[in-house]
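A.B. asks: One structure, pasted below without further comment.
None of the figures in this text is laboratory data; all of them are computed from the coordinates on show. Note that this is a predicted model, so its numbers are computed, not measured. Using ideal geometry, Cβ is built from the backbone for each residue, glycine included, and neighbour counts are taken over all protein chains shown.
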Amino acid sequence: MMSITFPIALTAQERPNIIYIMTDQQTATAMSCVSNENLHTPNMDKLAQRGVRFENAYCAHPLSGPSRAAMFTGHTSGEVGLDKNGTPMPDSLRTRTLGNLVEQAGYTTAYAGKWHVHTNSLPDKYAFGFENLHGHNDFGLAEACVDFLKRKHNKPFFLIASFDNPHNICEYARKQPLPFATIDEPGLEACPNLPANFNVAPYDADVLAREKSLNYRIYPTNNYTPDDWRRYLNAYYRLVEHVDTEIGKIINEIDRQDLWKNTVIIFTSDHGDGAASHQWNQKTALYEEVVNIPLIVCLPQNKNAGKVLPQLVNNGVDLLPSICEWTGAQVPAGCRGISFRSVVESGDVQKAHQPYLVTETYFFQTGGTRGWLVRTPQYKYVLYETGKNREMLYDMQTDRGEMRNLAVESKYRSTLFQHRKMLETWMKQHPLPGRSPALRFIPK
């Protein structure tokens with residue numbers, strides 16, 4: 001994999017600052033800039049107006065720890081044994097994470113908020129190449145980032161602001177106090193209506209219902225009524241609005257200093273939420289609402305502002321090579337991602353990029369199911385390792401809600417075989433360490 005090395009004579013001002021803003025558990029459609037009338041997110045909308053929004057961005061693994069591990073190591077979570085929350089990073093990776101690489105390239109590097117690889121906060125005042133500005137706590141996080149931006153910087157900086165919300169929806173579903181927000185519950189008539197794909201689709205993988213039944217703490221929604229789900233959606237959207245307000249504090253400082261002229265600003269989330277689609281809450285499943293995440297990239301001088309691009313991007317493994325390319329950091333050997341810098345800077349909807357991407361998952365809380373999705377420009381193929389209807393194929397151009405499983409129709413057999421082959425190729429390149437080859441799960 002190629003990386004760019006900047007000449008020694010190049011001044012700090014000629015390399016962009018990088019600000020990476022991340023929420024937790026935000027689905028791609030939970031922004032008002034994508035015509036969602038159930039919430040208002042003026043600050044995310046401002047980023048979309050000034051930047052390039054990818055409509056087909058996916059997380060590497062729909063769970064916080066594994067998703068973030070992919071972002072900061074450039075490896076898929078399964079191949080390096082980081083496919084569960086709470087797993088320490090292997091010693092072989094600890095000194096070559098994204099923070100280390102960018103710091104070695106001559107940047108001031110700082111991190112504020114949720115880390116979760118594997119501890120919730122960065123473990124020390126300086127760790128993984130970052131100065132630790134603020135721990136896992138949304139209160140005061142934005143202010144800590146603003147204070148960092150106000151410092152006198154003699155070299156370019158790389159700042160990460162990692163918010164917890166709308167993750168508080170997990171506590172809401174369990175009827176627990178919310179750690180970083182408060183919500184006023186309106187009357188039912190003021191709550192969002194149910195999504196069009198609220199019902200579980202025919203020929204959906206039955207293993208998902210089993211996984212849901214095995215862990216009441218994570219999925220306390222089995223007995224939810226439609227009214228309960230509407231209240232859930234209201235809470236979820238209010239939590240997104242809450243974190244949007246916090247993000248606005250950082251944007252205000254970017255405005256004050258006019259950092260738009262020499263800064264790459266990236267906004268994303270580590271994974272989505274079921275958001276009542278298919279009556280699913282939380283993450284881990286490979287439903288579109290869970291794996292399709294927001295990804296907005298604002299270039300210096302507002303280049304390509306307002307563009308919406310269809311290219312496939314993995315915001316996990318693709319992040320490290322992209323940041324390295326902007327900063328001149330060296331991409332370590334073995335990293336799996338593909339930089340999206342050239343796509344963003346071209347702004348061309350026709351520019352060739354990767355032909356497909358893969359997201360992996362693992363219901364580790366029950367010691368249970370593994371799964372994979374293959375996303376191509378038109379189709380999404382999903383495979384779970386066990387159960388009835390464990391293989392699914394959806395046309396993303398006509399059925400983004402995933403209500404018609406084409407895998408059960410003979411006329412789509414060739415398309416099904418093509419996607420099986422892509423997954424087979426990917427599995428050979430990303431073997432699970434110490435385990436029997438996952439290839440055995442692919443139907444013949």
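A.B. asks: Starting at 0 and stepping by 10 Å, how many percent of the alpha carbon pairs of segment 115-234 end up in each bin?
C.D. replies: 10, 28, 26, 21, 13, 2
A.B. asks: Give me Val358, Val308, Val382 sorted ascending by neighbouring Cβ count inside 10 Å, so fewest comes first.
C.D. replies: Fewest to most other Cβ atoms nearby, the residues stand as Val308, Val358, Val382.
A.B. asks: Of Lys46/Lys114; Lys351/Lys428; Lys46/Lys84; Lys150/Lys283; Lys283/Lys303; Lys152/Lys351, which sit over 30 Å apart, Cα to Cα?
C.D. replies: From Lys46/Lys114; Lys351/Lys428; Lys46/Lys84; Lys150/Lys283; Lys283/Lys303; Lys152/Lys351, over 30 Å: Lys46/Lys84; Lys150/Lys283; Lys283/Lys303; Lys152/Lys351.
A.B. asks: Calculate, in whole percent, how much of the Cα-Cα pair population of segment 290-356 lies beyond 14 Å.
C.D. replies: For segment 290-356, the share of Cα pairs beyond 14 Å comes to 60 percent.
A.B. asks: So what does log10 I(q)/I(0) come out to for segment 180-312 at q = 0.11, 0.16 Å⁻¹, using the Debye formula with one equal point on every Cα and no solvent?
C.D. replies: Computed log10 I(q)/I(0) values: -0.55, -0.97.
A.B. asks: Could you list Cys324, Cys191 in order of exposure, starting from the residue whose Cβ has the fewest other Cβ atoms within 10 Å?
C.D. replies: By the 10 Å Cβ count, ascending, the order reads Cys191, Cys324.
A.B. asks: When N is the residue count of segment 383-431, what does its C-alpha Rg come to as a fraction of 2.2 N^0.38 Å?
C.D. replies: 1.23
A.B. asks: Still on this structure, I have one more. In vacuo Debye scattering of segment 1-132, one point per C-alpha: log10 I(q)/I(0) at q = 0.22 Å⁻¹?
C.D. replies: Debye curve over Cα of segment 1-132, log10 I(q)/I(0) at q = 0.22 Å⁻¹: -1.33.
A.B. asks: I would also like to ask the following. Over the Cα atoms of the chain, what Rg and Dmax result, in angstrom?
C.D. replies: Cα radius of gyration and Dmax of the chain are 20.8, 64 Å respectively.
A.B. asks: Summing Lys, Arg as +1 and Asp, Glu as -1, what charge do residues with Cβ under 12 Å from the Cβ of Phe441 carry, Phe441 excluded?
C.D. replies: Value of the local net charge: +2.
A.B. asks: Give me the base-10 log of I(q)/I(0) for segment 358-441 at each q in 0.12, 0.26 Å⁻¹, Debye formula, one uniform scatterer per Cα, rounded to two decimals.
C.D. replies: Calculated log10 I(q)/I(0) at the listed q: -0.36, -1.41.
A.B. asks: Show me 288-299, 213-224, 133-144 ranked by packing, highest mean number of other Cβ atoms within 10 Å first.
C.D. replies: 288-299, 133-144, 213-224
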